[in-house]
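So the structure is just underneath, and the comments pick up after that.
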Amino acid sequence: MERKSDARERLLTRLLDAFDEDLPAPEVSLREVAARTETTHALLRYHFGSLPGVLAAMLKAQRSRDNEALVEVARHSTFDDFVVAIWRAYTRPERLSRVRGFFHVVGLAAYSPEDFREFIDSLGDLTRMLASLAEREGLDTEEALTTATVTVAAIRGLLLQEVLTPGARSEDAIALILRMRKGTCPGA
């Protein structure tokens with residue numbers, strides 16, 4: 001007999017293949033998602049609970065793939081170069097749907113964290129990578145983690161701004177964040 005986790009993983013792979021870099025829009029039904037992946041809505045409901053559960057699982061898997069690629073970049077990057085690489089990875093036009101989906105799922109998780117525990121637990125990945133780079137550049141562990149946490153929060157805030165008001169000069173803001181980190185801002 002097939003294990004539930006194996007069936008769930010195969011179904012998740014089908015979802016990722018069907019939607020590629022995108023996520024299903026929050027306004028589509030679970031039946032529409034099922035039709036696109038050539039499965040049943042009952043099977044999706046069994047394995048993921050709901051459309052938000054599908055979105056969270058897909059987003060976690062997509063972010064995990066992104067992070068695997070970003071780990072390779074981090075091996076040969078400075079902290080600043082890695083921040084720019086993260087920004088560029090998530091602001092490519094083909095990622096806009098997924099970035100919107102990220103904020104949709106984050107909003108749902110804020111109201112019902114127990115339903116999104118796996119997704120929430122995955123949110124620290126970039127922070128850990130950045131903290132490791134900051135330590136490699138000489139910061140102590142606590143300062144490196146604080147620097148990474150604030151940087152990721154700023155990136156996410158700028159991504160939200162980019163979704164809500166595209167072209168809001170966020171590239172300039174990334175440069176400012178990096179200068180602030182080094183204490184080279186005007187007035188710092």
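The values are calculated or read from the model by the stated rules, or taken from the named source; none is laboratory data. All of these numbers come straight from a predicted model, not from anything done at the bench. Methodologically, a virtual Cβ is constructed for each residue, glycine included, from the backbone with ideal geometry; neighbour enumeration extends over all protein chains shown.
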Pair list, Cβ < 9 Å and 6+ apart or interchain, from the stretch 127-147 residues that are in contact (Cβ under 8 Å) with a residue 60 or more places away in the chain to residues that are part of a helix (DSSP H, G or I) and surrounded by fewer than 17 Cβ atoms within 10 Å (Cβ to Cβ) = MET129/VAL71
Only one of (1) among the basic types (Lys, Arg); (2) touching an Asp or Glu at 6+ places or on another chain (Cβ under 9 Å); (3) without any contact (Cβ under 8 Å) to a residue 12 or more places away in the chain does not apply to ARG95, and that is (3)
Just name the residue that is surrounded by the most Cβ atoms within 10 Å (Cβ to Cβ) out of those in the stretch 61-89 that are of a type in the set (D, E, K, R) and at pLDDT 90 or above.
-> ASP80
Output the residues belonging to the stretch 1-27 that are under 28 Å from THR91 (Cα atoms) and loosely packed, with under 13 Cβ neighbours inside 10 Å.
-> THR13, ASP17, ASP20, GLU27
Taking the condition outside any helix (DSSP H, G or I), farther than 23 Å from LEU158 by Cα, over 17 Å from the mean Cα position of the chain (by Cα) and among the charged types (D, E, K, R), does GLU27 pass?
-> yes
In the stretch 46-56, the residues that are under 22 Å from PHE103 (Cα atoms) and part of a helix (DSSP H, G or I) | PHE48, LEU51, PRO52, GLY53, VAL54, LEU55, ALA56
Per-region count, the stretch 133-162, residues crowded, with 17+ Cβ neighbours inside 10 Å, of a type outside the set (Asp, Glu) and assigned to a helix (DSSP H, G or I) | 13
From the list LEU96, LEU44, which one is out of contact with any Ser or Thr (no Cβ under 6 Å at 6 or more places or on another chain) and at pLDDT below 90?
-> LEU96
Could you grab me the full set of residues in the stretch 1-45 that are over 19 Å from SER97 (Cβ atoms), free of Cβ contacts under 8 Å to residues at least 24 places away in the same chain and of a type in the set (Asp, Glu)?
-> GLU2, ASP6, GLU9
